[in-house]
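Structure, as structure tokens:
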Amino acid sequence: MFYSIRSKLMISFLGVSLLVGAVSLIVGGQLIYDSVVSEVSNRVRQDLNVARLLYDKKGEDIRKALETFSMGNDVESSLFMEEESPIKERLEQVADRLGLDFAGIVRPDRSVICRVGSHPAPGNTPPTENSAVIAALKQKKPVAGTILLEASALRAESPDLVRRARMETTPPVKSAFPAAEGETAGLGIAAAVPVMHSGTVKGVVYGGILINRETTIVDTIAETVFQNEEYQGRSVGTATIFLKDFRVATTVRRQDGERAVGTVASEEVVRRVLEDGEKWIDRAIVVDDWYITAYEPILDIFGQRVGMLYVGILEAQYADVRRTALMVFTGITLAGVGVALLVGWLLSDRIVRPINRLIQASVNVSEGNLSPDIGPVSKSDFGVLQKKFQEMMTALQQREERQKEESETRLIQSQKQASVGRLAAGVAHEINNPLTAVLTYTHLTLRRNDLPETVRADLENVSIQTERVRKIVKGLLDFARQTRPETETIHLNELVEDCVRLMENQALVRGVSLEFSGKADLPEVTVDRNQIQSVIINMMINALDATQADGSITVSTDMSLSESPGVEISVADTGCGIAATDMERLFDPFFTTKEVGKGTGLGLSVSAGIIERHGGSITVRSTVGAGSIFTVWLPVQNNASMTPAPAGKREQ
Amino acid sequence: MHVLIVDDDPMVAESCRRILGTEAIRVTVAGNAAEAKAALASDDSFDLMLTDIKMPKSDGFQLVEMVRKKHPDLRILIMTGYLTPETTRRGRTIGAYGFVEKPFTPDELIAAVHNARK
Ligand SMILES: Nc1ncnc2c1ncn2[C@@H]1O[C@H](COP(=O)(O)OP(=O)(O)OP(=O)(O)O)[C@@H](O)[C@H]1O
Ligand SMILES: [Mg+2]
């Protein structure tokens, strides 16, 4: 079944369509996905730049506000007052407006003059550890930027901030940024403005935001950049600020809807961004989902890498685009497979049906039906085969008919021969006895000297006519003899030459030239010498009888030209030829055209029997008025059938 | 010379007698195998036996076989109207000297008989 043309066709159709489908599926899907990813990556890169601008603007805003604040006269004068002055009120107003988490005014020795928020009295407050202040004192000019706030620094600013900065990590995560038990450092955006008086720093005004758990910055970024786009209930864009590798402010939500602060970035990102200081733009898992992400390091005011800024776009919508594309491709492929199967089925049907019909037809032929139905002849090249098959059938039919005819005539012929044979044998036996008496008395009487001439003449006639009867009977008997040939192996040329010599005189008398041309080096043949001789002699007598004076007879031998090895004896004459109507009766017993007394018409029928028993054949070619050629073909080796002895005895 | 002719057809036997008579050959005629045997038993002067093959009762071949045993010196010619190769072969194996084919002319018979004589 699997080797049938149909299944082969179907399988190849299926294979091709599946292959093409699969390739377009993979290549197409990948192409679409790649272009989407690269486009999204570009977008994320730009988004990160925007986020960076927004982030940096925050510090600049604070700096500008503090600069404006420090220009007031009350600031400078407050530097020389011991007790808290109304300046604190103004500072608190500024801090409120900017949403500052901490702010204060310090002396050059970092001792605090005033601070916003609740904290111990100024006298008892420790000097500030705020690195923005330190940087401003050192540089003697305003600074703004990111700062790292150790837990102690936070506590110095306000105990509230320590609480806000602290993050529970459940489950506990291994962070690259070690934090003391129960405490977490803070990341801040801060600015510090030195208050100068005649070239020397008299104090510093500072303020800033603690980013830990801060939501406005990241939300602003997310809003500005992603415009609160949502996909299946989740916001498409996310933004996060890391303290080292630690998420301290983010719009990424955990499963329970809480912001995913307190979790860490993947090691790969940390290595690339924090350790190598490069940008990262790639797919990455953020908390639970795949995002197309962009990270870059955050430097503090001293140029140290203290954290990372991140924006990411949920990959799910693009994965869905890919899934949809893949599904469309799959659908197209399946449809293609279906069409291929259908076309393959129809096509193979068109091919296979006539083949099956031919097969069925040959089965019919082998069962004996020589005119099977092979269906309509196709116009394709298969039609050639069908036509050839039909031709073959016609040829077969014709041959069958011919063979039937031939075997019928042969049967009739041999039946005729057998019945004539039996009759002849019986008659001959009975006739020969009276014939003996007739011959005896005629001859004995003719010996007498006292016969009157007329009586003698009559008697002589009796004698001649009796000889005729004797000849006829002898011919009959020859015909009737169905004996096996007594074979010997002889040179054919010698035998034929003997026959020619026997006939030479007669030919001479008739004025007909008789020639013999024997082919040299003929193979020997195994035949009954006497029988073959009688065949050749009969052919020569027939030729002589048919040929006028001045005609010629050519006897020749040759190698057989037919496929099986054999030799041929031909007797050609330039005689009267044989009429077409006589042709078919030529080998019938008693068929003769010769005048009464000259021929019995047994010569060729006896010859045919002899040659047949030798496994050979006789053929005739004749043109009326031009002459005839009789050819006897005899096999060279294939006459084992003529030796009747069983194989065991043949050796002797 | 004394020749025994064995033939069931009296005309053939008579023909032989007449032909051989012209050569002054003594002829005895037997109409069947039994008569032939009787003649051979009663007379030992025969030089030659000429016998037909196809005869009623016992056929010529049996007669030849028997005669060859009892009279090994007697030459035998077989006369037949239907001389097939089988007849020749069989005749030779049972010891016939020669064959005469019927019908024959007087000259042919005389030649055959003289030829069979030593
Ligand atoms: N070479 C020939 N040319 C013309 N006719 C021929 C030739 N050979 C045979 N025939 C014809 O075939 C007939 C039959 O030939 P066949 O040898 O069988 O008988 P026959 O020669 O007439 O008599 P038989 O051979 O018995 O004496 C002949 O009478 C003659 O008409
Ligand atoms: Mg002839």
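Read the figures in this text as sums done on the coordinates, not as results from a lab. These numbers come from a predicted model, not from an experiment. Ideal geometry is used to build each Cβ from the backbone, glycine not excepted, and the neighbour counts take in all protein chains shown.
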Practice task
Consider just the alpha-carbon atoms of the stretch A:12-329 and return their Rg together with their Dmax, both in angstrom.
Solution key: 24.0, 98
Problem - Straight-distance crosslink candidates among lysines, where the alpha carbon sits under 30 Å from A:Lys471 and sequence neighbours closer than 8 are dropped - result: A:Lys416, A:Lys594, A:Lys598, B:Lys54, B:Lys102
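Write out the GluC sites (Glu not before Pro) in the stretch A:53-105 meeting two conditions: DSSP loop, and at most 13 other Cβ atoms within 10 Å of their Cβ. Could the numbers behind the result be given before it?
Numbers: sites: A:Glu60, A:Glu67, A:Glu76, A:Glu82, A:Glu83, A:Glu84, A:Glu89, A:Glu92; in loops: A:Glu82, A:Glu83, A:Glu84.
When the GluC sites (Glu not before Pro) of the stretch A:53-105 are filtered for loop state and at most 13 Cβ neighbours within 10 Å, A:Glu82, A:Glu83 remain.
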Problem - Whole-number percent relative contact order across chain A, with pairs defined as alpha carbons under 8 Å at least 6 apart - result: 10
Completion exercise
Length gained if A:Glu497 through A:Val377 is fully extended, taking 0.36 nm per residue and subtracting the Cα-Cα distance, is 37.1 nm
Handout entry: Cα-based helix-to-principal-axis angle, A:492-510 vs chain A, degrees rounded to 10
Key = 50
Practice task
Can you tell me which of A:612-620, A:141-149 comes out highest on packing, and rank the rest after it, using the mean Cβ neighbours within 10 Å?
Solution key: A:141-149, A:612-620
Problem - A:Glu612/B:Asn32 FRET efficiency (R0 45 Å; Cβ-Cβ; nearest 0.05) - result: 0.65
Problem - A:Ser38-A:Asp349 FRET efficiency (beta carbon distance; Förster radius 51 Å; 0.05 resolution) - result: 0.55
Fill in the blank from the handout: The local net charge around A:Arg456, scoring Lys/Arg +1 and Asp/Glu -1 for residues other than A:Arg456 whose Cβ lies under 15 Å from its Cβ, equals -2
Fill in the blank from the handout: Reduced to Cα centres, the span from the stretch A:351-374 to the stretch B:39-104 in Å works out to 69
Exercise for the section: Work out the mean other chain Cβ neighbour count within 10 Å for the residues of B:97-105 and drop it here as an integer. Expected result: 6
Exercise for the section: Quickly estimate the mean residue ellipticity at 222 nm for chain A, helices only: each DSSP H run with n ≥ 4 gives -39500 (n - 2.57), and the total goes over all residues, rounded to 500. Expected result: -17000 deg cm²/dmol
Practice task
Compute the length gained on full extension between A:Gln403 and A:Leu508: take 0.36 nm times their separation in residues and subtract their Cα-Cα distance, giving the result in nm to one decimal.
Solution key: 33.4 nm
Exercise for the section: Please arrange A:Thr600, A:Thr454, A:Thr215 by counting, for each residue, the other beta carbons lying within 10 Å of its beta carbon, fewest first. Expected result: A:Thr454, A:Thr215, A:Thr600
Handout entry: Those lysines that a straight Cα-Cα span of less than 25 Å connects to A:Lys8, excepting residues fewer than 8 apart in one chain
Key = A:Lys379
Problem - Sparse-neighbour loop sites [chymotrypsin sites (Phe, Trp or Tyr not before Pro); the stretch A:20-85; at most 13 other C-beta within 10 Å; DSSP] - result: A:Phe80
Fill in the blank from the handout: For the stretch A:376-481, the Debye formula with one identical point scatterer on each Cα and no solvent gives log10 I(q)/I(0) at q = 0.14, 0.17 Å⁻¹ as -0.75, -0.88
Exercise for the section: Could you work out the mean projected area of the convex hull around the alpha carbons of the stretch B:2-115, in square nanometres to one decimal? Expected result: 6.3
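Could you tell me the relative contact order of the stretch A:376-481? Use alpha-carbon pairs under 8 Å, at least six residues apart, and round to a whole percent.
So the answer I get is 36 percent.
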Practice task
Calculate how steeply helix A:316-366 sits against the longest principal axis of the alpha-carbon atoms of chain A, using the helix alpha-carbon long axis, and give the answer as 0 to 90 degrees to the nearest 10.
Solution key: 10
Practice task
Mind sorting A:Ile285, A:Ile578, A:Ile351 by how few other Cβ atoms lie within 10 Å of their own Cβ, fewest first?
Solution key: A:Ile285, A:Ile351, A:Ile578
Exercise for the section: Output the relative contact order of chain B, whole-number percent, from Cα pairs under 8 angstrom with separation of 6+ residues. Expected result: 24
Problem - Nitroxide proxy distance, nm - points 7 Å out along Cα→Cβ at A:Leu370 and A:Thr581 - result: 3.1
Exercise for the section: With a cut-off of at most 16 other beta carbons within 10 Å, and DSSP calling the residue loop, which trypsin sites (Lys or Arg not before Pro) in the stretch A:451-536 qualify? Please list them. Expected result: A:Lys519
Completion exercise
Helix A:216-226 sits off the longest principal axis of the Cα atoms of chain A, rounded to the nearest 10 on a 0 to 90 degree scale, by 40
Completion exercise
Kirkwood radius from Cα pairs of the protein assembly as shown plugged into Stokes-Einstein at 10 °C, 1.306 mPa s, gives D in µm²/s equal to 39
Handout entry: Inter-label distance, nm, simple model (7 Å from Cα along the C-beta direction), A:Met196/A:Asp276
Key = 4.3
Problem - Volume per residue that the Cα convex hull of the stretch A:245-333 spans, once the total is divided by residue count, Å³ - result: 105
